[in-house]
Structures are given as C-alpha cells and as structure tokens.
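Please treat every number below as a calculation from the coordinates, not as lab data. Please read all numbers here as calculations on a predicted model, not as lab measurements. In this analysis, Cβ positions are derived from the backbone assuming ideal geometry, glycine residues included, and neighbour counts consider all displayed protein chains.
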C-alpha cells in the first residue's frame, strides 16, 4: 500500500469513528510504531488532524454534546474516558458540599456515581441529571428552572438569576471545548450569562474535559481557561495542550488508562 493511500485511509477512519490510535494504525496496516507515529506527524503538519498522546483526532472536532432527552435511555454511548473522568470527579466530593454538576454527558455519569455515604446538596440545570440524583436519599437536589431546550436543560434569564442567588463549594463544569488561548468555549451565545454566573458563584471550578474537547475552539468564549482551578482529563490528551493549560495555573489531573488483563 502506498503511503498516500494509507494516509487517506487514516483520514477516512477518523471521519467515521472520531479517533484513531497508533495501535489501530499498526494493527490495520501492519506497520511499526515509529511508522504509525510518523504518519500522524505528517498529517498533522498538513493540518489534516490533531495528534494526541496515543493517536489523533479530527482537526475540526470540538466535543461531544450534552445528553438528549429526559430519560437515561436517551444518554448516548460514551467512551470509556468520559466515565472514568466522572468517577474521578466524584472522589472530590466532601460531606456537606453544595455543588453544581454540569448538564453535559459526563455530568450524567457523575450523578450515577455519587457516593452514598456523603450528605450532599447538588444543583443542576438538567432534568436528566436531576432525575438520576432524585433516587439518592443522601442528596438534596436543586433543579434550576426556566425555559427548557430540546435536551431538557435550562440556560435562560430565569435560570441565570436563580444561579446568581446560589453559592457553590465546587462547580463541575464542561463545555464544547477548551484551549489555552481561547479559553472555555461553547457553541451557543445564549448560555454565556448562565455559565458566567456559575463560575463567579463557585469557590472551586473543576473542568471535566476528555481529550476530544482539549485544544479546540468553539464559537464563543465563556471565560479564560485560568478560571478553572482544576481540570480532570484522560490519559490520551495532548501533552502540549496540557502543558499550555498548566502554564495558566490550572492544576491538571489525568486519569490513568485502565490496565487490561
């Protein structure tokens, strides 16, 4: 197979699946690790993909959307890194904490994994997350109200005014993208005041950002990246992007890749 043909197949794989690892390239095309790394480096230099620690992402990918619908069955299948980031996040909860949990998909997985031995007050603007929390006897749920969007979330002026009246020990936040230069960004301008109020009303802001969301720009910047006190990400995030974010004073917590038997 010509190298140009292999490169096109790598790009086709990315378009179809959203991520490719060096292991995938080695196995699919029977080439060495060094050759797989070189393929990704060449394609990145051409501006056709973005390399991560162990593979590559499509250059225009800005993240995975929030849960859609109002029941657990509507939650999309999420990659392993999302679930592990959520599980790491819940270990940071303390007894009597008042926290906000994001309406993003990773927030739903946080809600699923909230420990039962802590008394917590949890705020969310998502009926999906709230429904998951409602069944937990140790959790008092504050559901932010307003005009719901088609994903069961409230971001309008009513929701923003309610959040302004609250104070949080911890805010677990995600968005479409984050980068050192453009900051925390999202696709819709209408939700900007809501996110700004959340950040300003929280003692500690914790970003939940899988590799798919790091180093990209979305439409509108919510806040500078340094508004995060801590960011939880996964083992395959770009080392260069993490270095740039760490230079902003953000503590970076990388969840480890699971060891397979």
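For the chain, with a Gaussian network of springs between Cα atoms less than 10 Å apart, report the residue from 128, 144, 219 with the top mean-square fluctuation.
So, out of 128, 144, 219, the one fluctuating most is 219.
From largest to smallest, what semi-axes in whole angstrom does the range 72-182 give when each is the square root of 5 times an eigenvalue of its alpha carbon gyration tensor?
Ellipsoid semi-axes (Å, largest first): 19, 18, 15.
Would you calculate the separation in nanometres between label points at residue 204 and residue 161, each defined as 7 Å from the Cα along the Cα-to-beta-carbon direction?
Here the modelled spin labels are 3.3 nm apart.
Which of the peptides 177-190, 30-43 is most tightly packed, and how do the rest follow, going by the mean number of other Cβ atoms within 10 Å of each residue?
Highest to lowest by the protection proxy: 177-190, 30-43.
Report, in cubic angstrom per residue, the convex hull volume of the C-alpha atoms of the range 3-58. Don't jump to the answer; show the numbers that get you there.
Values: hull volume 3.7 nm³, N = 56.
With only Cα atoms used, the range 3-58 gives 66 Å³ per residue.
State the Cα centre-to-centre distance between the range 170-218 and the range 134-150 in whole Å.
21
If each residue of separation counts as 0.36 nm, what is the full-extension length gain between residue 169 and residue 240 once their alpha-carbon separation is subtracted? Could you put the intermediate results ahead of the total?
Working: separation 71, 0.36 × 71 = 25.56 nm, distance 3.04 nm.
So the chain would gain 22.5 nm between residue 169 and residue 240.
Residues of the range 195-210 with amide nitrogen under 16 Å from the 7 Å Cα-to-Cβ point of residue 253?
203-210
One quarter of the convex hull surface, Cα atoms only: what value does that give for the range 167-261 in nm²? Write out the running numbers ahead of the final one.
Numbers: hull surface 25.4 nm².
Dividing the Cα hull surface by four gives the mean projection, 6.4 nm².
Which one, 176, 191, 89, has the greatest fluctuation when you compute a Gaussian network model over the chain with C-alpha springs under 10 angstrom?
191
Can you tell me which of 20, 101, 199 moves the most in a GNM of the chain? Springs connect C-alpha atoms under 10 Å apart.
20
Do you know the relative contact order of the chain, to the nearest whole percent, from alpha carbon pairs under 8 angstrom that are 6+ apart?
16 percent.
Could you give the length gained by full extension between residue 42 and residue 96, i.e. 0.36 nm per residue of separation minus their alpha carbon distance, to one decimal place?
Answer, rounded to one decimal: 14.3 nm.
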